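*Asks:* The following block contains the structure, expressed as structure tokens.
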Amino acid sequence: MTGDAEANPDSSLPAELEDVDILHVDDEPDFADLVATFLEREHGAFTVHTETDPRDALDRLDDEDCAVDCVVSDYDMPALDGLDLLERVRDRRPGLPFVLFTGKGSEEIASEAISAGVTDYLQKAGGTEQYRVLANRVRNAVAGYRAERDANRGLEAIETARDGIAILDGTGHIEYANDACGEILGYDREELVGLHWETFYRDEDVPFVYDVLLPKARDGRWRGTTSFVRKDGTEIDVDHALSYSDDGSLICTLSPRAMADTGTPPAMDDADAQTPSADAGASTPSAKERAMNEAPIGIVLTDPLETDEPIVYANDAFTTLTGYETHAVVGRDRGILWGENTAAGALAELRTAIDDREPATVELRSYRKDGEEFWNRVRVAPLFDDEGDLDFFVEFHEDVTERKRDEERLQSHTARLEALFEHSPDMIAVHDIDGVIRDVNQRLCAELGYAESELVGRTVWDIDPTADRDRATSFWETLPPNTSHRFEGKLEREDGSTFPIEVHLIRLNLDGEDRFVAMDRDISRQKRRERELMQQNERLDRFTSVVSHDLRNPLQVAEGRLELLREDCESEHIDGIGDALDRMDALIEDLLALAQTGEAAMDVEPVRLADVVRSCWETLPATTATLTVETDRTVEADRDQLRQLASNLLRNAVKHGGADVTITVGDTPDGFYVADDGVGLSESELEDVFESGYTTADDGTGFGLSIVDEVADRHGWAVSATNGADGGARFDVTTDR
């Protein structure tokens, strides 16, 4: 959803947005005609086609010659509502922008519209500014629609490209490949999806890709020549480029080269390939040497043919990592980094791999030249010459100390979790990726009526009747580790009864095993309250529907027509009509605010009263009145409803207290007060001031203080009206009762 553009959008449209055809659907003909008039005035490129029956709008879309760039629709219509129309429009034209422009606004409808895939949602309001906002929403929606269409054309170009193009996910598996990629590698493109890039490399080349190519690609872009192994086992040399997208995907492009052996080392950068120098038979470093020297991790080569297997080469990253100069390393035993706390088991694993001429990876404590200890990830692999004889062993050294510290912190977190598990007031179950329950706490056993031995070994769906095996497994597989996820479900007791729960699920590595910890809380009381509120909201919804749709639509038509009339002629009566319409609009706003005060669910939290009062004061119309805040009180309240209460009290003081009134907000022993130094309240006003519809102002609606009383009542507070010591009106709100 885009945000409301209160500022006037640029009336000019880019070239790609010229000639925009809008289909507007609204069952009120006068209002529909008014919308068309203002939209076409807002942007000369807009052409609005109006339908008052949603079925006629669908017939128009069925016409293949009908050019529609965006649908704007009301929600509350007799034949089909706006979301029903959206569903049928999507069946006909899946990507067509659809803006819901409705007078029936609520969080429920907005949420439903977003879930249904509406492009944008805008609630009708008073005044003509809404049409400028609507025009901007349509403009943005059409721009996005046409940009996506152009992107699809770009995808078609990729599909038909002669170069091979593949996209790999963060684990190195192919997510997409075009036909050319499959042809180069000797596969059908469908066969490539899901394969790991290691499939296409010789085993001895794989470590180099991990340690050199991929880091270079992450730094920007790598381009060079690679020898790939095709499906039939033959090899092919290709021009090869790698880069990462913003979402972490690896983009790979392949361009075939000659099939003959070029002598270029596997996966070397063309820019690094050098030819022998003609001067005195000297030569520059080979491409492989240059790549190894510039690699971001430590690399050493050892000679396995010598008795003590000495180091014959060390790159700059290795010397930086260890603190040793090159001359102090070459000729030394690889054990130069091992020390007192180096694990014997890890060293034995390395020794076995070297003796068996196999690659291996271990993590072990190592020591720099100055004695500093660090965690070292060591990978070794044999290098063979063209005849297949062992030539060197390559070692890659990487400092992983920070990751090890993270793992230790995670282990500490796991220990605390175990303590919480034993003593938590919540029900807790631990299950694996297959949904099998591995552990439970006593609270869960007590609530469900089972012994621990009866629950362990069961599955999640045995005790949660709302769980679906396939959907749950798919969700668990994609849940990121160490991140809590909240949702609702049910639990079934041993006697067959069920109760609703709120679940907080977190994925952890416990003792090397992937486990899911579900912390369940009984929300039966909350659900009963929600049902009561739903019944109340249904009654209020009928009321707000009449006010927001049946009353506001003709009022908006009148306001729009008055605006057009003001442009066509002059009359002393026009301003009077405008004032009357403004009062009607204010009356509708207060009626809706009164209804929505009872409709909204309460979200009670500690709220600093002073912050809310100052925020409300800044949103009031410009005034010469003065506000003094003398409270540091924090109240338990629904923030939005407290803001409504404060705004109405401040607005009432400004309206009735006079232009230069001073308003004070301060503490009482059991709440707070809002007082002014204006003319005060008469005895009759003190009795009737909170009654709906009661007002002494010519332009008042009589609902402002009624809303204050309603908000206070919903919080369990009390509000009273008196005259203060300075003679002005004073309203006391008792929050501690």
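The values are calculated or read from the model by the stated rules, or taken from the named source; none is laboratory data. Here the structure is a predicted model, which means the values were calculated and not measured. As a convention, Cβ positions derive from the backbone with ideal geometry for all residues, glycine included, and neighbour counts pool all protein chains shown. SASA here: full protein model, heavy atoms, side chains in, ligands and nucleic acids out. Shrake-Rupley method; radii C 1.70, N 1.55, O 1.52, S 1.80 Å.
*Asks:* Every residue in segment 511-526 that is surrounded by 15 or more Cβ atoms within 10 Å (Cβ to Cβ) and not in a strand (DSSP E or B), please.
*Replies:* Scanning segment 511-526 gives a single hit, I523.
*Asks:* Check whether at least one residue in segment 388-399 is in a strand (DSSP E or B), closer than 30 Å to T478 by Cα and either at pLDDT below 85 or not charged (D, E, K, R) (or both), and report yes or no.
*Replies:* Initially, segment 388-399 is screened for residues in a strand (DSSP E or B), giving 390-399.
Subsequent filtering for residues that are closer than 30 Å to T478 by Cα retains 398-399.
Retained after the next criterion (residues that are either at pLDDT below 85 or not charged (D, E, K, R) (or both)): none.
No, segment 388-399 contains no residue that is in a strand (DSSP E or B), closer than 30 Å to T478 by Cα and either at pLDDT below 85 or not charged (D, E, K, R) (or both).
*Asks:* I need the helices (runs of 4 or more DSSP H) fully contained in segment 152-229, keeping only those with at least 1 residues that are closer than 12 Å to T253 by Cα and at pLDDT below 90.
*Replies:* Numbers: elements: 179-185, 189-192, 214-219.
By residue number, 179-185.
*Asks:* If you take the residues of segment 368-387 that are of a type outside the set (A, V, I, L, M) and not in a loop (DSSP other than H, G, I, E, B), which of them is farthest from D211 (Cα to Cα)? I'd like the intermediate steps shown before the answer.
*Replies:* Within segment 368-387, the subset of a type outside the set (A, V, I, L, M) is 368-377, 379, 382, 384-387.
Checking which are not in a loop (DSSP other than H, G, I, E, B) leaves us with 373-377, 379, 382, 384.
Working: E373: 23, F374: 20, W375: 18, N376: 15, R377: 12, R379: 10, P382: 15, F384: 19 Å.
The selected residue is E373.
*Asks:* Could you list all residues from segment 295-344 that are among the small types (G, A, S), within 45 Å of the chain's Cα centre (by Cα) and modelled with pLDDT under 90? Before the answer, list the steps.
*Replies:* Initial filter on segment 295-344 (among the small types (G, A, S)): 295, 298, 314, 317, 323, 328, 331, 335, 339, 343-344.
Now narrow it down to the ones that are within 45 Å of the chain's Cα centre (by Cα): 295, 298, 317, 323, 343.
Within segment 295-344, A295, G298, A317 qualify.
*Asks:* Still on this structure: Taking interchain pairs and intrachain pairs at least six residues apart, which have beta carbon atoms under 8 angstrom, with the first residue in segment 667-688 and under 12 Å from S720 (Cα atoms) and the second aromatic (F, W, Y) and surrounded by fewer than 14 Cβ atoms within 10 Å (Cβ to Cβ)?
*Replies:* none
*Asks:* Determine if segment 488-510 includes at least one residue that is modelled with pLDDT under 90 and surrounded by fewer than 13 Cβ atoms within 10 Å (Cβ to Cβ).
*Replies:* So in segment 488-510, the residues modelled with pLDDT under 90 come out as 508-510.
Those still in the list that are surrounded by fewer than 13 Cβ atoms within 10 Å (Cβ to Cβ) too: none.
Checked segment 488-510: no residue is modelled with pLDDT under 90 and surrounded by fewer than 13 Cβ atoms within 10 Å (Cβ to Cβ).
*Asks:* Got a number for residues in segment 109-124 being surrounded by 15 or more Cβ atoms within 10 Å (Cβ to Cβ) and either out of contact with any Lys or Arg (no Cβ under 7 Å at 6 or more places or on another chain) or of a type in the set (D, E, K, R) (or both)? Steps first, answer last, please.
*Replies:* Step one: of segment 109-124, the residues surrounded by 15 or more Cβ atoms within 10 Å (Cβ to Cβ) are 109-110, 112-113, 116, 118-124.
Now narrow it down to the ones that are either out of contact with any Lys or Arg (no Cβ under 7 Å at 6 or more places or on another chain) or of a type in the set (D, E, K, R) (or both): 109-110, 112-113, 116, 118-121, 123-124.
The qualifying residues number 11.
*Asks:* Residue pairs, Cβ under 6 Å, 6 or more apart or interchain, first in segment 520-542 and on the phi < 0 side of the Ramachandran plot, second surrounded by 13 or more Cβ atoms within 10 Å (Cβ to Cβ) and modelled with pLDDT under 85. List them.
*Replies:* N537/E599; L540/A595; L540/G598; L540/E599
*Asks:* Sticking with this structure for a sec: For segment 630-667, what are the residues that are part of a strand (DSSP E or B) and open to solvent by 20 Å² or more (accessible area, probe 1.4 Å)? Spell out how you get there, then give the answer.
*Replies:* Our first condition is that a residue be part of a strand (DSSP E or B); within segment 630-667, this holds for 630, 634-638, 662-667.
The answer is E630, T634, E636, T662, T664, D667.
*Asks:* Quick one: count up the residues across segment 426-470 that are farther than 20 Å from I506 by Cβ, part of a helix (DSSP H, G or I) and open to solvent by less than 40 Å² (accessible area, probe 1.4 Å).
*Replies:* Of the residues in that region, 2 qualify.
*Asks:* If you don't mind, there's one more thing I want to ask. (1) open to solvent by less than 20 Å² (accessible area, probe 1.4 Å); (2) in a helix (DSSP H, G or I); (3) at pLDDT 85 or above: which one isn't true of A721, the others all being true?
*Replies:* Looking at each condition in turn, A721 falls short on (2).
*Asks:* Please enumerate the residues belonging to segment 217-247 that are under 30 Å from the mean Cα position of the chain (by Cα) and buried (at least 19 other Cβ atoms within 10 Å of the Cβ). Give the derivation first.
*Replies:* Applying the first criterion (under 30 Å from the mean Cα position of the chain (by Cα)) to segment 217-247 yields 217-221, 242-247.
Once the filter is applied, which keeps residues that are under 30 Å from the mean Cα position of the chain (by Cα) and buried (at least 19 other Cβ atoms within 10 Å of the Cβ), segment 217-247 yields A217, L242.
*Asks:* Taking the conditions exactly as written (touching a residue at least 40 places away in the same chain (Cβ under 8 Å), surrounded by 19 or more Cβ atoms within 10 Å (Cβ to Cβ) and not basic (K, R)), does V394 satisfy them or not? Give the steps one after another, and end with the answer.
*Replies:* Numbers: touching a residue at least 40 places away in the same chain (Cβ under 8 Å): yes; surrounded by 19 or more Cβ atoms within 10 Å (Cβ to Cβ): yes; not basic (K, R): yes.
Criteria met by V394.
*Asks:* Limited to segment 18-58, what total is found for residues that are small (G, A, S), farther than 24 Å from E87 by Cβ and either touching a residue at least 60 places away in the same chain (Cβ under 8 Å) or in contact with a strand residue (DSSP E or B) (Cβ under 6 Å, 6 or more places away or on another chain) (or both)?
*Replies:* Initial filter on segment 18-58 (small (G, A, S)): 32, 36, 44-45, 57.
Going one step further and asking which of them are farther than 24 Å from E87 by Cβ, we end up with 36, 44-45.
Right, trim to either touching a residue at least 60 places away in the same chain (Cβ under 8 Å) or in contact with a strand residue (DSSP E or B) (Cβ under 6 Å, 6 or more places away or on another chain) (or both) and you get 36, 45.
Counting residues in segment 18-58 that are small (G, A, S), farther than 24 Å from E87 by Cβ and either touching a residue at least 60 places away in the same chain (Cβ under 8 Å) or in contact with a strand residue (DSSP E or B) (Cβ under 6 Å, 6 or more places away or on another chain) (or both) gives 2.
*Asks:* T320 versus (1) outside any loop (DSSP other than H, G, I, E, B); (2) buried (at least 16 other Cβ atoms within 10 Å of the Cβ): which is the lone unmet condition?
*Replies:* So the condition that T320 fails would be (2).
*Asks:* Taking only pairs six or more apart or across chains, which ones have beta-carbon atoms under 6 Å, a first residue in segment 301-321 that is touching a residue at least 12 places away in the same chain (Cβ under 8 Å), and a second residue that is buried (at least 18 other Cβ atoms within 10 Å of the Cβ) and of a type in the set (S, T, Y)?
*Replies:* As it stands, the answer is L301/Y313; E309/T302; I311/T302, since those pairs meet every condition given.
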